[in-house]
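In what follows, a structure is listed as structure tokens, so that the remarks can point back to it.
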Amino acid sequence: MVRISPSILSADPLDLRSDIDRALRSGIDMFHIDVMDGHFVPNITFGLPLVGALSKHLDAQLDVHLMITDPEGYAPLFVKAGADIVTVHVEATEHLDRVLSSIRECGAKCGVTLNPNTPIDALRGVLDRVDLVLIMSVDPGFGGQSFIRGSLERVRELVRMRDDLGVDVPIEIDGGMTPLTVPDVVEAGVDIVVAGSAVFSANGRDIEKNIEALRQGIRQGLDRRN
Ligand code: DX5
Ligand code: ZN
């Protein structure tokens, strides 16, 4: 099964509850929350209070993507606020092992991610100690950017590395996912597709229709994979 993790970055901030409810009614069971600090990336978004409120009111997995410098201090706080998965960037910390362990110790799943120009090999040392690997298929910071095609080969490289090491960690992809780009990434081997604008702002914000179109893309990719 390949899951969709809608990124609420592209939801209507004044109508967030209703956008999320529409996605839930379409069978969505996880949401991607982009936390940006205006330093690691040139944008500022959500923080602990929103994760806390979502965790209190939603029966869905909260997939928190930290785009913040030095996440050591904040990562455990996001777990305490209710995040189910906390993902950190390899470029953002000198202490990757320590921050990943602290996420698990606080009771959440830990994820690791890397920017499109960071070699996949940077993951080798931690692959057996993470619960998720996120491949960025755009430079992080904004929704609505175009998919970087070279990400396909990066997914394949990661699948090979995962097989070599004999680990079974799910691969998530984030950036530029649309019904047209999804089949190729699913064929390449991803397990979770993050989609922001393709869910919440495409086609006049027809969230139900957008989710169905992405699911159709997933089915096409799976057909080609088998
Ligand atoms: C970008 C974020 C993404 C963003 C994706 O830095 O990490 O999660 O919401 O947006 P789309 O799906 O519109 O490319
Ligand atoms: Zn993200």
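Points to keep in mind about this one:
- In the range 177-203, the residues that are within 16 Å of ligand 1 (Cβ to nearest atom), surrounded by fewer than 24 Cβ atoms within 10 Å (Cβ to Cβ) and among the small types (Gly, Ala, Ser): Ser197, Ser201, Ala202
- Residue within the range 197-215 that is among the hydrophobic types (A, V, I, L, M, F, W, C), within 16 Å of ligand 2 (Cβ to nearest atom), farther than 26 Å from Ala108 by Cβ and part of a loop (DSSP other than H, G, I, E, B) present: no
- Within the range 161-200, the set of residues being more than 18 Å from the chain's Cα centre (by Cα) and either within 18 Å of Leu127 (Cα to Cα) or touching a residue at least 60 places away in the same chain (Cβ under 8 Å) (or both) comprises Met161, Arg162, Asp163, Asp164, Leu165, Gly166, Val167.
- Counting the residues of the range 19-58 that are within 17 Å of Phe78 (Cα to Cα), surrounded by fewer than 18 Cβ atoms within 10 Å (Cβ to Cβ) and either among the charged types (D, E, K, R) or touching a helix residue (DSSP H, G or I) at 6+ places or on another chain (Cβ under 6 Å) (or both) gives 3.
- Just so you know, in the range 141-158 the residues that are under 18 Å from Val112 (Cβ atoms) and either open to solvent by less than 30 Å² (accessible area, probe 1.4 Å) or within 12 Å of the chain's Cα centre (by Cα) (or both) include one that is nearest to ligand 1 (Cβ to nearest atom), and it is Ser151.
- Under the condition of being in a loop (DSSP other than H, G, I, E, B), crowded, with 16+ Cβ neighbours inside 10 Å and out of contact with any His (no Cβ under 9 Å at 6 or more places or on another chain), the residues counted in the range 123-140 number 4.
- Qualifying residue in the range 29-50 (condition: farther than 17 Å from Asn210 by Cβ, touching a residue at least 40 places away in the same chain (Cβ under 8 Å) and over 18 Å from the mean Cα position of the chain (by Cα)): yes
Residues checked against (1) in contact with a strand residue (DSSP E or B) (Cβ under 6 Å, 6 or more places away or on another chain); (2) away from ligand 2 (no atom under 14 Å from the Cβ); (3) closer than 22 Å to Leu9 by Cα:
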{"residue": "Ser137", "(1), (2), (3)": "yes, no, yes"}
{"residue": "Phe142", "(1), (2), (3)": "no, no, yes"}
{"residue": "Ser146", "(1), (2), (3)": "no, yes, yes"}
{"residue": "Arg149", "(1), (2), (3)": "no, yes, no"}
{"residue": "Arg156", "(1), (2), (3)": "no, yes, no"}
{"residue": "Val159", "(1), (2), (3)": "no, yes, no"}
{"residue": "Asp163", "(1), (2), (3)": "no, yes, no"}
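- Within the range 59-80, considering residues that are small (Gly, Ala, Ser) and within 18 Å of the chain's Cα centre (by Cα), the one surrounded by the fewest Cβ atoms within 10 Å (Cβ to Cβ): Ala60
- Residue that is assigned to a helix (DSSP H, G or I), of a type outside the set (A, V, I, L, M) and either within 18 Å of Thr113 (Cα to Cα) or away from ligand 1 (no atom under 16 Å from the Cβ) (or both), where the choices are Pro6, Pro42, Pro76, Pro71: Pro76
- Unique match (being more than 16 Å from ligand 2 (Cβ to nearest atom) and at pLDDT below 95) among Asp97, Asp128, Asp121, Asp70: Asp70
The values are calculated or read from the model by the stated rules, or taken from the named source; none is laboratory data. This one's a predicted model, so the numbers in the text were calculated from it and none came from an experiment. Here Cβ is always computed from backbone atoms with ideal geometry, including for glycine, and neighbour counts include all displayed protein chains. When the accessible area is computed, the model is the full protein with side chains, heavy atoms only, and any ligands, DNA or RNA have been set aside. Shrake-Rupley method; radii C 1.70, N 1.55, O 1.52, S 1.80 Å.
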